[in-house]
Amino acid sequence: MTKPVILTGIRSNEEPTLGNYLGSILPMVDMQHRLAGDYQINMFVPDLHSFTTPVDHDKLFLSTIQNVKYFMAAGLDVDDPDTYVYRQSYISAHSELTWILDCFTYMGEMSRMTQFKEKSADTGESVSIGLFNYPVLMAADILLYHATHVPVGHDQFQHLEITRDIATRFNNRFGEIFTVPDSTSKQMEFINRDNGLRIRSLTDPTKKMSKSATDEKSKILLVDDPEIARRKIMSATTDSVGVINYDWDNQPGVTNLLQLLALMTHRDQADINSQWVGHTHYGELKTAVADAVSEFLINFQSRLEEIRDEQVLAALETSEDAVRRVADNTLYQVQQAVGLRPRE
Ligand code: ATP
Ligand code: MG
């Protein structure tokens, strides 16, 4: 494994929405199609991360398999020789390295993590040490594979920076063991994954569509019955202007529909706008979007159904066997450095 390594997680405990598909799943699949060959792509299911906040443990195992299926149905090629799709918990080096790195990470720097502060504010007393510690697990996820390219969203920038700090500190003390991942600004240059695309909620188009939203009508799930999805679109909140305009500030509801129509039909936004802007019948626009979305769901779900659990498991296990060797090798070097193993 000598190609530069791109590392990305495919976490999702809840059912993904059309927003997640267009804003995250599809761009990751596109990344594979563009960059495999020149890069090694590690896509891992962060199953150990998944219960830093409460999850349904009865469903966790199958939902990790289901996650991978969503990517496959979106076009991810799990047989590509440069792509490794694996579960974090199946490579024990992730947990082992986390412990070692914990002892070289300071309470002070970890206490500054904004995401911990925000997430723990909601949970109060019952916040777990896992939630506090998870940036160190993330550092292990990255450092075990010498990944330089870690395309993360803004919410993970601090965690990537702490990974760089931990790696640099360790290397200064013990020699060049870790590859320090590129800075967040370089990551942004490398891949514009979070390209600003935001699908809006169908019931409150001033907000984005979110999978954790409790209002079922606000979101289209990838597993929604196409007829139900159609009804959600038909009842989407618009406005009382009475004329269709592409105007996020004043008419976010119809603008969201115009955007969805362009994305779902693979047409340019300008092309869609020239067809619809100025029209007065919102219902016709809704019907067009509902048709496009339900057709997409029918096709996506039929691809999903064709993917068997055994096929996913076989792909995961093949990758896991390959990456485990790399991870164990890095872990061994670290164990030697800290004096847990003989230094030859
Ligand atoms: P939650 O409500 O739990 O925050 P979410 O739907 O916002 O769920 P995340 O897990 O926060 O999803 O984000 C997963 C990925 O999906 C991120 O890359 C994020 O940028 C993308 N994403 C989330 N919502 C949208 C959306 N409405 N439109 C486009 N992309 C989105
Ligand atoms: Mg979110």
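The values are calculated or read from the model by the stated rules, or taken from the named source; none is laboratory data. Here the structure is a predicted model, which is why all the values come from computation and not from measurement. Note: ideal-geometry Cβ built from the backbone for every residue, glycine included; neighbour counts use all protein chains shown. For the accessible areas, the whole protein counts, side chains as well, though only heavy atoms, and no ligand, DNA or RNA atoms are used. Shrake-Rupley method; radii C 1.70, N 1.55, O 1.52, S 1.80 Å.
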Note the full-extension length gain between His281 and Glu189 as 0.36 nm times their separation in residues minus their Cα-Cα distance, in nm to one decimal.
-> 28.9 nm
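Grab the alpha carbons of the chain, take their convex hull, and tell me the volume per residue in Å³.
150 Å³
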Translational D in µm²/s for the stretch 63-159 (Stokes-Einstein at 25 °C, 0.890 mPa s, Kirkwood Rh from C-alpha pairs) | 157 µm²/s
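I want the local charge near Ala167. Using Cβ-Cβ distances under 13 Å, sum +1 for each Lys or Arg and -1 for each Asp or Glu among the other residues.
Surrounding charge for Ala167 is -2.
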Could you pull the Cα extents of the stretch 301-341 along its three principal axes, largest to smallest, in whole Å?
-> 53, 15, 11
Enter the accessible area of Phe61 (Å², nearest 10), with the probe set to 1.4 Å and all protein chains included.
-> 110 Å²
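What part of the accessible area of the chain, given as a whole %, is carbon or sulfur when the probe is 1.4 angstrom?
Working: 8310 of 16420 Å².
Roughly 51 percent of what the probe reaches on the chain is carbon or sulfur.
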Between helix 157-174 and the chain: long-axis angle, C-alpha atoms, 0 to 90°, nearest 10 | 10 degrees
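Filter the trypsin sites (Lys or Arg not before Pro) in the stretch 267-344 to those in DSSP coil with at most 11 other Cβ atoms within 10 Å of their Cβ, and list the result. Numbers along the way, then the final one.
Working: sites: Arg267, Lys286, Arg303, Arg308, Arg324, Arg325, Arg343; in loops: Arg267, Arg308, Arg343.
Passing sites in the stretch 267-344 are Arg308, Arg343.
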Subset of Lys119/Lys211; Lys3/Lys186; Lys59/Lys217; Lys59/Lys211 violating a 21 Å alpha-carbon distance limit | Lys59/Lys217
Surface per residue (accessible, 1.4 Å probe) for the chain, Å² = 48 Å²
How big is Rg to Rh over the stretch 224-344, alpha-carbon atoms, Rh as the Kirkwood inverse-mean-distance radius?
-> 1.36
Taking the Cβ of Thr265 as the centre, find all other residues whose Cβ is under 14 Å away and add up their charges (Lys, Arg: +1; Asp, Glu: -1).
-> -3
Per the helix-only calculation at 222 nm, which mean residue ellipticity applies to the chain, given -39500 (n - 2.57) for every DSSP H run of n ≥ 4 and division by its residues, nearest 500 deg cm²/dmol?
-> -16500 deg cm²/dmol
Note on the stretch 216-304: contact order normalised by length, alpha-carbon pairs under 8 Å, 6 or more apart, percent, works out to 39 percent
Relative contact order, percent, the chain [alpha-carbon distance under 8 Å, six or more residues apart] | 21 percent
Which distance in Å, rounded to a whole number, links the C-alpha centroids of the stretch 64-111 and the stretch 253-276?
-> 36 Å
Would you work out which of Tyr282, Ile298, Pro252 lies farthest towards the positive end of the dipole of the chain, given +1 charges on the beta-carbon of Lys and Arg and -1 on that of Asp and Glu, about the Cα centre?
-> Pro252
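For Lys211 and Glu161, FRET efficiency with R0 = 25 Å and r from the beta-carbon atoms, rounded to 0.05?
Working: r = 27 Å, r/R0 = 1.08.
After rounding, the FRET efficiency stands at 0.40.
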